[in-house]
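Structure first, then comments.
Nothing in this text is a laboratory measurement; each read-out follows from the coordinates by a stated rule. These numbers come from a predicted model, not from an experiment. Cβ coordinates were reconstructed from backbone atoms using ideal geometry, including for glycine residues, and neighbour counts include every protein chain displayed.
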Amino acid sequence: MKQSNWFVYIIQSEKGHLYTGITTDVERRFKEHADSTKKGAKYFRGKVPVEVVFQKNFKDRSSASKYESLVKKMTRANKLKLILGRPND
């Protein structure tokens, strides 16, 4: 069975909003969000993604999904700390 790397990522929008997701290819996923195609998240309809501000690698989808769920439950302040590399401040 092929093992692939999974990533949890956070994209910041033009207005500073933060979007969290998982993928096996962060660069491709960012382009999909930016292209406004049907492959991009509905979240970005009417919002412009600017840059990937955080990404973390996981060995499997299950681990990435669990971490994504934790990040999505975080407050904005805690997400910003995570982005800055200070999650426990």
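If the condition is being over 12 Å from the mean Cα position of the chain (by Cα) and either in a loop (DSSP other than H, G, I, E, B) or not β-branched (Val, Ile, Thr) (or both), then the range 44-69 contributes Phe44, Arg45, Gly46, Lys47, Val48, Phe58, Lys59, Asp60, Arg61, Ser62, Ser63, Lys66. Total residues in the range 4-51 satisfying the condition of being buried (at least 17 other Cβ atoms within 10 Å of the Cβ), among the aliphatic types (A, V, I, L, M) and within 19 Å of Arg76 (Cβ to Cβ): the figure is 4.
Of all residues in the range 59-82, those satisfying the criterion of being in contact with a helix residue (DSSP H, G or I) (Cβ under 9 Å, 6 or more places away or on another chain) and of a type in the set (A, V, I, L, M, F, W, C) are Val71, Met74, Leu82. The lone criterion from (1) among the small types (Gly, Ala, Ser); (2) within 15 Å of Val8 (Cβ to Cβ); (3) in contact (Cβ under 8 Å) with a residue 12 or more places away in the chain left unmet by Ala34 is number (2).
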